[in-house]
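The values are calculated or read from the model by the stated rules, or taken from the named source; none is laboratory data. Keep in mind it's a predicted model, so treat the numbers as computed, not measured. Cβ: placed from backbone, ideal geometry, glycine included. Neighbour counts: every protein chain shown. When the accessible area is computed, the model is the full protein with side chains, heavy atoms only, and any ligands, DNA or RNA have been set aside. Shrake-Rupley method; radii C 1.70, N 1.55, O 1.52, S 1.80 Å.
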Number of protein chains: 2
Amino acid sequence: MPGHHPARGRRAAERKGDVRERAILDTCEALLEQKGYDAMTVGDIAQGAGITRGALYFYYGSKQEVVTALVARTVEHLWERSRATAQTDEPRQAITAAMRRTVELWNEHGLVMRTAIDLSLTVPEIGELWNHTADLFITAITAVLERAGIQAGTAPDQASAMARALCWMIERTFYHASQESREKLQDASATCEHIWLTSAGLIT
Amino acid sequence: MPGHHPARGRRAAERKGDVRERAILDTCEALLEQKGYDAMTVGDIAQGAGITRGALYFYYGSKQEVVTALVARTVEHLWERSRATAQTDEPRQAITAAMRRTVELWNEHGLVMRTAIDLSLTVPEIGELWNHTADLFITAITAVLERAGIQAGTAPDQASAMARALCWMIERTFYHASQESREKLQDASATCEHIWLTSAGLIT
DNA sequence: AGGAAAAGTCTACACGATGTCGATTTTTAC
DNA sequence: GTAAAAATCGACATCGTGTAGACTTTTCCT
């Protein structure tokens, strides 16, 4: 709750640094698209954001920190969207809805999501961010499977373990498809949905 | 067929460089395990192999080339093993056999396989190597699915597309599990096998 | 054996990217 | 309007990379 007395039409002060921070992250995202992580240099990012290297280090301690912040910003989006999604009782509908939402996510944020996956090993912070995101998905899938009649539990053929495998299937399939085209993503989604439905026992 | 006249007990000459090359690759693999790709420096590899940086550049043009060679050596193994596997007619048996073989592969070469996956984007040569390997698996899975009665074709619910998704599921699931322990790998295998069987229509 | 060519090795160098420091300027808040 | 905080800059030290040229060892042929 910032701004204790909203009188005087002046909007809450926004630090100049906040704008720069956003500019840096935006530039980083653009460069990631153009040249990829390795080729992208700290100098490039600074230049794109309209400052020098030295100034950039005032905001972030390294290239990895910049990218971590970018991933965090994007992943925040996913969590919000995830929370806002209405729960459906009917498993078939739930699965279809989940897959449609996933396609949207990858269409909008495919680049950053792929980057997050790629850097999960080398940058522990990003790894944690992505793991947490995956856990949200796995929990959701587990719930759907159980509602579809799959036995709850962690044994290899029970809901929890299956959900994990299905999550990785979706991650990897979308990862590859999103590098190609929107059409491929759509196809990939249909295939994943089919396997998910089958695994849930909802298809012959 | 080297050595045109096997007389004289002298074994076929092995270039000194061949030994070094192997030492370099072995060292690289060890360091990959100890410090990971990023932390590992060309100097480290050279030192481990008993030569200086300068000498190493005589064999490989860069760190990436060294790792590419390591991946190539490992992947060669996979292909051989893949070729040597007897084909089973009964789908259920084929799936079980394939999963058992996959567990073995990841137990033996997990580290290099994970590295190959990680570097697939940044090092095109490794990407090709790994893609080709994946294609072998996808083809094999497709064949099994078709023999189990899944309709052939590339539509989202037909054998080819399903095989691709299942392949990525296995890759990613094993990738994560092989970082943990052999037990996890075994569990992961059981889960993947179950989903594969279900997708093939071989389980209620 | 012996000597030239090929294979292997080393040290030194140039380059590019990183991250740090202290000085300086701009913003913010009172 | 001014002092503290925020932001920016340029210069520097460091480290890893890749290249070049000189030198040594191995291989192979006669």
Next item on the list: Specify the inter-centroid distance of segment B:14-86 and segment A:32-72, based on alpha-carbon positions, in whole Å.
Entry: 32 Å
Checklist line | For A:Gln64, label point 7 Å along C-beta direction: distances to other copies, nm | finding: 2.1
Next item on the list: Between chains B and A there is a rotation axis; tell me the chain B residue with the nearest beta carbon and how many whole Å away it sits.
Entry: B:Met169, 2
Notebook entry, point to check: Taking springs between alpha-carbon atoms closer than 10 angstrom, which of A:Ile141, A:Ile126, A:Ile51 fluctuates most in the Gaussian network model of chain A?
Noted result: A:Ile51
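Volume per residue, Å³, of the convex hull around the alpha-carbon atoms of segment A:103-204? Intermediate values should be presented prior to the final figure.
Working: hull volume 9.9 nm³, N = 102.
It is 97 Å³ per residue.
Can you flag which of A:Lys35/B:Lys63; A:Lys63/B:Lys35; A:Lys184/B:Lys184; B:Lys35/B:Lys63 are past 22 Å Cα-Cα?
Details: A:Lys35/B:Lys63 20 Å; A:Lys63/B:Lys35 20 Å; A:Lys184/B:Lys184 32 Å; B:Lys35/B:Lys63 14 Å.
Over 22 Å apart, Cα to Cα: A:Lys184/B:Lys184.
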Checklist line | Protection-proxy order for peptides B:87-99, A:20-32, B:165-177, each taking the mean of Cβ atoms within 10 Å per residue, highest first | finding: B:165-177, A:20-32, B:87-99
Item checked: Heavy-atom accessible surface of chain A: percent carbon and sulfur, 1.4 Å -> 50 percent
Margin query: Within 13 Å, Cβ to Cβ, of B:His132, how many net charges do the neighbouring residues add up to if Lys/Arg are +1 and Asp/Glu are -1?
Written below: -4
Checklist line | Pair-distance profile P(r), taking every C-alpha pair of the protein assembly as shown, with 10 angstrom steps and integer % | finding: 4, 19, 27, 24, 15, 8, 3, 1, 0, 0, 0
Notebook entry, point to check: Taking every residue in B:195-204, how many Cβ atoms of other protein chains lie within 10 Å of its Cβ, on average?
Noted result: 4
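Could you sort B:Thr52, A:Thr41 by their accessible area in this structure, using a 1.4 Å probe and putting the largest first?
Values: B:Thr52 95, A:Thr41 60 Å².
Descending accessible area places them as B:Thr52, A:Thr41.
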Note to self: Please compute, for the alpha-carbon atoms of chain A, the extent along each of the three principal axes and give them in descending order in Å.
What the structure shows: 61, 48, 32
Note to self: Please report, for A:Ala143, the nm distances (one decimal) from its label point, 7 Å out from Cα along the beta-carbon direction, to the equivalent points in the remaining copies, shortest first.
What the structure shows: 4.3
Checklist line | Pairwise burial A:B, computed as accessible area of each alone minus the pair, summed, 1.4 Å, Å² | finding: 2300 Å²
Check: Share of Cα-Cα pairs in segment A:60-147 beyond 21 Å, in percent?
Finding: 34 percent
Next item on the list: Could you provide, to the nearest whole Å², the per residue accessible area of chain A with probe 1.4 Å?
Entry: 54 Å²
Note to self: Can you list the residues in segment B:158-173 whose accessible area drops by at least 30 Å² when all protein chains are present, compared with the chain alone? Use a 1.4 Å probe, heavy atoms only.
What the structure shows: B:Met162, B:Ala165, B:Trp168, B:Met169, B:Arg172, B:Thr173
Notebook entry, point to check: log10 I(q)/I(0), Debye, Cα-only segment B:58-105, no solvent, q = 0.26, 0.29 Å⁻¹?
Noted result: -0.94, -1.03
Margin query: Please report, in whole Å³, the volume per residue of the convex hull around the C-alpha atoms of segment A:12-61.
Written below: 69 Å³
